[in-house]
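What follows is a short report on a single structure.
The values are calculated or read from the model by the stated rules, or taken from the named source; none is laboratory data. All values reported here derive from a predicted model rather than from experimental measurement. Cβ sites come from the backbone with ideal geometry, for glycine too, and all protein chains shown count toward neighbours.
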Amino acid sequence: MCASVARRLVDARVVVETPEGVDFRFRIAGPGQRLWAWSIDSLIKAGALAILWVVLLMLGAIGGESGLQAMAGLATIGVFVSNWFYGSLFEGLMNGQTPGKRAAGLRVLRTNGTPIDLLTATGRNFLRVADALPVGYTVGLITMLLTPKLQRLGDLFFDTMVVSEQRSPTGRPAGLTKNVEPLARSECSRKFSVPERTLAIIERLFDPERILTEGRREEIARPLSEELRKRLGWSEVWQTEGNQYEFFQKQGYKHTRFLLRVLKTFAVDDAPGGRG
Amino acid sequence: MNRERFIRARRADWSHFEQLLGTLQGQPERQWRAVQVAELARLYRSICYDLSLVQSREWGSRLEDYLNDLVAGGHNCLYRTSPASLTSVLKYIVTGFPRLLRQRWRAFALSAALFLVPFILGTIVGVTRPDLAVLVAGEAELQQATESYSQELYTATDERYTGERSFMFGFYVNNNTGIAFQAFALGALAGIGTCYVLLSNGILIGLVQGTMLAKGGTTAVNFTSFVITHGSLELTAIVISGAAGLVLAQSLLLPRERTRMESLRHHGRESLQLALGAGVMLFGAALLEGYFSPLPIAPGIKYAAGSLAWLLVGLWLGLAGRERPVLSDPAGGKPA
């Protein structure tokens, strides 16, 4: 079980099938992103309550001691609402986002990818009481680590997940091929164009969401690199025996570098959207 | 069709869709125009097709990510649940809530036992063994209660009344409803917290009651006439929120024919509805406790109002929202 959980965690993606029969993916938000959103929300709550108390008590002071007490009662109800309904109201009415989640680019969704309703939002936020025990959301963190969709108790009982909506850049990853030269015509003895499908595989190898060590990446790159080298008639000869980590280090990750050069040479940045 | 031609042909639709999505997400649903929604749905379907094409031909993960984001946005925009209306909320409180509670009578009975047994024990101890009561409840707590009930709370023309009572109203809402919601939420941890809240509140309230009764005379009358009215809503609501917590605990511990995860989802919403109903009751109880219970009127009137309140709460929870007996057709279809 541990291995399969780990594999899914590294990917941090959830596939949802739409009624149209298409699979699409969500990126699950990690504890760090959620902590960030939570911190922003906590600040907003504290600020709003401070202002509420000051304003109400100033109003109450006009009515003497009795007015002061009445306004303190009203402010206590404000505390109650912010304690129990801040998250519910925002998430329920603003399509799964509190101000903090919006700032952090997160959204709460049902696990089938549809928006949550007010009741669901209320439930998952009420259960914070249980998730926060004994200190600092320990229970919530533990259940998040045990579930592939990183759900705390509130998410499990009300069938929700928190996804990251930071749009993936749609252009070719810019920094990736910065430090390599494109292949020169003179280096290759044969004419061959690398198909888009192969370029996509190379890109996937360098996807930052897949956590690979350099040595492991080099190991994976080798078969593809050798085949491409043959087809392009690339002249330089390598020694490729063994697969020790030290070996790759000594070689300076030649296969990885070669694949990046191929990417730089053949990939045309024509993805839509224009953001890169 | 190759990749370049495909992108050139489809690009206009994609950016149009992106624009439309941005417009619609920026405004409330009731301002959406039918033409816009129809256009969005049409584009959404065609982009779904584009995504599966790109997926199957493996035309680059960046392109796939871009289309994936578009589909996710469209899916989020098109598939949603209808929002709750004020009428449906009112209807739920009047009929749906009592019906739900009667369906969950086992959890209610268990919760009532967890609260009432220590409550009755506490009362007996308070009356017969004051020394023991002080040991359990604490001297300060009982001293304070004795002082506040040994004299009339207010005289007929007390100027402090409005301010103090509003302050107490706010306190009751925050404190009592908070305790009830906690009792519910802690059910998610196998119900240990729920049981603790029920038991500890039961014994404490019982001890205070017992001690007041033991004093006799004005103190006892002041106390009983004060608590009888709002107690109908307050004590019942605490038991109900406990029952909601126990339903959560049961769904976790005894999933029966469902998988554990399914069981959580199945019972989660219903138990929350119970807890929210209890929250509404406690708001009503806070109003009564804040403004009615301490009124400087004859205890007799308060006893009468209190009895009426208990009767009404009992009738509401016991009888409201009963379904008419259905004679035939268990599938629920209507005869032609």
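Tell me which residues, restricted to region B:1-30, are under 53 Å from the mean Cα position of the chain (by Cα) and part of a loop (DSSP other than H, G, I, E, B).
Taking region B:1-30 first, the residues under 53 Å from the mean Cα position of the chain (by Cα) are B:6-7, B:9-30.
Within region B:1-30, B:Gln27, B:Pro28 qualify.
Return the only residue of B:Val71, B:Val54 being in a helix (DSSP H, G or I) and more than 18 Å from A:Gly113 (Cβ to Cβ). Steps first, answer last, please.
Working: B:Val71 fails: more than 18 Å from A:Gly113 (Cβ to Cβ).
Sole residue among the options that is in a helix (DSSP H, G or I) and more than 18 Å from A:Gly113 (Cβ to Cβ): B:Val54.
Looking at (1) over 30 Å from A:Ile201 (Cβ atoms); (2) surrounded by 17 or more Cβ atoms within 10 Å (Cβ to Cβ), which is the only condition B:Tyr44 fails?
Failing condition for B:Tyr44: (1).
Does region B:84-128 hold any residues that are loosely packed, with under 15 Cβ neighbours inside 10 Å, charged (D, E, K, R) and not in a helix (DSSP H, G or I), and which are they?
Answer for region B:84-128, where residues must be loosely packed, with under 15 Cβ neighbours inside 10 Å, charged (D, E, K, R) and not in a helix (DSSP H, G or I): there is none.
Could you list, in sequence order, all residues of region A:44-77 that are buried (at least 17 other Cβ atoms within 10 Å of the Cβ), within 9 Å of chain B (Cβ to nearest Cβ) and either within 37 Å of the chain's Cα centre (by Cα) or over 12 Å from B:Phe167 (Cα atoms) (or both)?
Passing the criteria: only A:Ile77.
Filter region A:78-107 for residues that are more than 11 Å from every other protein chain (Cβ to nearest Cβ), within 23 Å of A:Thr147 (Cα to Cα) and surrounded by 21 or more Cβ atoms within 10 Å (Cβ to Cβ) and give the result.
The answer is A:Gly87, A:Glu91, A:Lys101, A:Ala104, A:Leu106.
Looking at the structure I just gave you, is B:Thr224 assigned to a helix (DSSP H, G or I), more than 20 Å from the chain's Cα centre (by Cα) and of a type in the set (Val, Ile, Thr)? Spell out how you get there, then give the answer.
On the way: assigned to a helix (DSSP H, G or I): yes; more than 20 Å from the chain's Cα centre (by Cα): yes; of a type in the set (Val, Ile, Thr): yes.
So B:Thr224 passes the test.
For the condition modelled with pLDDT under 70 and under 30 Å from B:Gly22 (Cα atoms), what is the one hit in A:Glu209, A:Glu165, A:Glu203?
Being modelled with pLDDT under 70 and under 30 Å from B:Gly22 (Cα atoms) holds for just one of A:Glu209, A:Glu165, A:Glu203, which is A:Glu209.
Do we have any residue at all in region A:121-129 that's part of a helix (DSSP H, G or I), in contact (Cβ under 8 Å) with a residue 60 or more places away in the chain and more than 7 Å from chain B (Cβ to nearest Cβ)? Steps first, please.
The first filter runs over region A:121-129 and keeps only residues part of a helix (DSSP H, G or I), leaving A:121-126, A:128-129.
In the following step, the residues that additionally are in contact (Cβ under 8 Å) with a residue 60 or more places away in the chain were identified as none.
No, region A:121-129 has no match at all.
One residue is enough: does region B:116-134 have a residue meeting the conditions within 21 Å of B:Ile238 (Cβ to Cβ), within 20 Å of the chain's Cα centre (by Cα) and more than 13 Å from every other protein chain (Cβ to nearest Cβ)?
There is no residue in region B:116-134 that is within 21 Å of B:Ile238 (Cβ to Cβ), within 20 Å of the chain's Cα centre (by Cα) and more than 13 Å from every other protein chain (Cβ to nearest Cβ).
What is the one condition in (1) crowded, with 23+ Cβ neighbours inside 10 Å; (2) among the small types (Gly, Ala, Ser); (3) more than 19 Å from A:Val162 (Cα to Cα) that B:Gly74 does not satisfy?
Status for B:Gly74: all satisfied but (3).
Among the candidates B:Leu264, B:Leu254, which residue alone is of a type outside the set (Asp, Glu) and buried (at least 18 other Cβ atoms within 10 Å of the Cβ)?
Among B:Leu264, B:Leu254, only B:Leu264 is of a type outside the set (Asp, Glu) and buried (at least 18 other Cβ atoms within 10 Å of the Cβ).
When region B:60-70 is examined, which residues are found to be at pLDDT 75 or above and facing another protein chain (nearest Cβ under 7 Å)? Walk me through it before giving the result.
At the first step, the residues of region B:60-70 found to be at pLDDT 75 or above are B:63-70.
Of everything in region B:60-70, those that are at pLDDT 75 or above and facing another protein chain (nearest Cβ under 7 Å) turn out to be B:Leu63, B:Asp65, B:Tyr66, B:Asn68, B:Asp69.
Taking the conditions exactly as written (more than 11 Å from chain A (Cβ to nearest Cβ) and either surrounded by 23 or more Cβ atoms within 10 Å (Cβ to Cβ) or at pLDDT 95 or above (or both)), does B:Gly191 satisfy them or not? Break it down into steps so the answer makes sense when it comes.
Values: more than 11 Å from chain A (Cβ to nearest Cβ): no; either surrounded by 23 or more Cβ atoms within 10 Å (Cβ to Cβ) or at pLDDT 95 or above (or both): yes.
Judged against the criteria, B:Gly191 is not a match.
With the requirement that a residue be free of Cβ contacts under 8 Å to residues at least 60 places away in the same chain and in contact with a Leu (Cβ under 8 Å, 6 or more places away or on another chain), what does region A:34-59 give you? Walk me through how you get there before you give the answer.
Within region A:34-59, the subset free of Cβ contacts under 8 Å to residues at least 60 places away in the same chain is A:35, A:42-59.
Within region A:34-59, A:Leu56, A:Leu57 qualify.
State whether one or more residues within region B:35-49 are assigned to a helix (DSSP H, G or I), more than 11 Å from chain A (Cβ to nearest Cβ), over 22 Å from A:Gly21 (Cα atoms) and at pLDDT below 90. It would help to see each step written out before you state the result.
Looking only at region B:35-49, we keep the residues that are assigned to a helix (DSSP H, G or I), and these are B:35-49.
With more than 11 Å from chain A (Cβ to nearest Cβ) added as a condition, the list becomes B:35-40, B:42-43.
Keeping just the survivors that are over 22 Å from A:Gly21 (Cα atoms) gives B:35-36.
If we keep only those that are at pLDDT below 90 as well, we get B:35-36.
Yes.
With (1) closer than 22 Å to A:Ala132 by Cα; (2) within 14 Å of chain A (Cβ to nearest Cβ); (3) among the aliphatic types (A, V, I, L, M) as the list, and B:Met168 as the residue in question, which single condition is left unmet?
With respect to (1) closer than 22 Å to A:Ala132 by Cα; (2) within 14 Å of chain A (Cβ to nearest Cβ); (3) among the aliphatic types (A, V, I, L, M), B:Met168 is out only on (1).
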